[in-house]
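This report concerns only the one structure given below.
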Amino acid sequence: MQILSYDPARFADLPDYPFAENWCDIDLGDGHSGRMHYLDEGAKDAPPVLLFHGEPSWSYLYRKMIPVLVDAGFRCLAPDLIGFGKSDKPDDIGFYTYQRHMDWLGQWRAAVVPQTAALFCQDWGGLLGLRMVGEAPDSFSCVVASNTFLPTGGTPSPAFLAWRKFAKASPDFQIGDLLQRATATERTAAEVAAYDAPFPDEPSKAGARAFPQLVPVEDGMAGIAENTAAWEGLSAFDKPFLTLFGEDDPVTGGLGEALSARIAGAKGQPHAMLSTCGHFCQEDRPIELAQGVIDTAKKAGFLI
């Protein structure tokens, strides 16, 4: 197996992405090591908010939310998950597991921002972030979740099964085009190219192809026991928890109510289904999402 590093030339002059690079060394396991890239914007002593992306995007997804959150007084930290963005990419699909992603992201947080933080999470950012909340609720001040869930088996939807099959086997796995199709608003050609930038060839897409196969939506899959245990802490999480889901997301859009109904801190919050909002909500409704984070953090007393 090879650990692929990013080509800086592919990331030159990305639109609306002026952010400085930051790096964290990660023990990938089995004797391998790699680097995780992350954004760190805002005053270092400001209240931190973690921005976790999902599949198959990267921290570029948060370029429209970060300026709003920084202006409100946050320190914004947005990592590129291993296998995505500028972070290193093992080229073996079988090397990626749910637990390894948890371990890698946990290493990053312990090294970079171990203090209490707010969380915004979407897609796999929620499968990782919500489990973090369930396992260590005291390390989070509040949560805003969009188009995500913490699954524990069951029966997957036809839409998800189709996506999983496509991601595993389709020869036409163009990341930028996927982002374009899963938003309710149009991306420019330069933005589509920015989502393609981390994935110049098939080996670099191993992590993106792996992720849908790892979602524990069927009984017996790895991660179900850990997620079930995490739900105990997540359900009891009594700090402000807001869901803002997209009306135009056919895969996860209907899960907002099911998520908020199970979490103590979600009671009485202004949950919403956002119109003109697809799966990648950060592209379609960044201002509304950022404002949701601001309002929720203020309710928690985390942001003045």
Return the pairs, sorted by first residue and then second, in which the second residue is among the acidic types (Asp, Glu) and at pLDDT 95 or above, the first residue lies in segment 91-105 and is outside any helix (DSSP H, G or I), the beta carbons are less than 6 Å apart, and the residues are 6+ apart or on different chains. none
Kindly list the number of the only condition in (1) under 17 Å from TYR96 (Cβ atoms); (2) at pLDDT 95 or above; (3) open to solvent by 60 Å² or more (accessible area, probe 1.4 Å); (4) not aromatic (Phe, Trp, Tyr) that fails for PRO212. (3)
Within segment 165-204, track down each residue that is within 21 Å of the chain's Cα centre (by Cα), over 14 Å from SER57 (Cα atoms) and among the β-branched types (Val, Ile, Thr). THR185
Sole residue being touching a residue at least 60 places away in the same chain (Cβ under 8 Å), within 20 Å of the chain's Cα centre (by Cα), surrounded by 16 or more Cβ atoms within 10 Å (Cβ to Cβ) and on the phi > 0 side of the Ramachandran plot, chosen from GLY246, GLY207, GLY223: GLY223
Looking only at segment 54-90, which residues are farther than 25 Å from ALA210 by Cα and either hydrophobic (A, V, I, L, M, F, W, C) or in a helix (DSSP H, G or I) (or both)? MET65, ILE66, PRO67, VAL68, LEU69, VAL70, ASP71, ALA72, PHE74, CYS76
Consider segment 1-31. How many of its residues are among the charged types (D, E, K, R) and assigned to a loop (DSSP other than H, G, I, E, B)? 5
State the number of residues belonging to segment 56-67 that are of a type in the set (D, E, K, R) and open to solvent by 10 Å² or more (accessible area, probe 1.4 Å). 1
When LEU178 is evaluated against the numbered criteria (1) under 16 Å from ASP248 (Cα atoms); (2) outside any helix (DSSP H, G or I), which criterion, by number, is the only one it fails? (2)
Which condition from (1) small (Gly, Ala, Ser); (2) touching a residue at least 40 places away in the same chain (Cβ under 8 Å); (3) surrounded by fewer than 16 Cβ atoms within 10 Å (Cβ to Cβ) is the one that SER275 breaks? (2)
Residue satisfying all of: in segment 279-292; closer than 22 Å to ALA258 by Cα and under 15 Å from the mean Cα position of the chain (by Cα); most open to solvent (accessible area, probe 1.4 Å) among these: HIS279
For ASP40, work out the one condition from (1) open to solvent by less than 50 Å² (accessible area, probe 1.4 Å); (2) part of a loop (DSSP other than H, G, I, E, B) it doesn't fulfil. (2)
Just the residues that are modelled with pLDDT under 95 and either touching a strand residue (DSSP E or B) at 6+ places or on another chain (Cβ under 9 Å) or hydrophobic (A, V, I, L, M, F, W, C) (or both), please, taken from segment 138-177. ALA159, PHE160, LEU161, ALA162, TRP163, PHE166, ALA167, ALA169, PHE173
Of those in segment 114-155 that are of a type in the set (Gly, Ala, Ser) and assigned to a helix (DSSP H, G or I), the residue nearest to ASP45 (Cα to Cα) is SER139
Can you tell me how many residues in segment 125-149 are under 21 Å from LEU274 (Cα atoms) and surrounded by fewer than 24 Cβ atoms within 10 Å (Cβ to Cβ)? 1
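The values are calculated or read from the model by the stated rules, or taken from the named source; none is laboratory data. All values derive from a computational prediction rather than experimental measurement. No Cβ is skipped: glycine too gets one built from the backbone with ideal geometry, and neighbour counts run over all protein chains shown. For accessibility, only protein heavy atoms count, side chains too; no ligands or nucleic acids. Shrake-Rupley method; radii C 1.70, N 1.55, O 1.52, S 1.80 Å.
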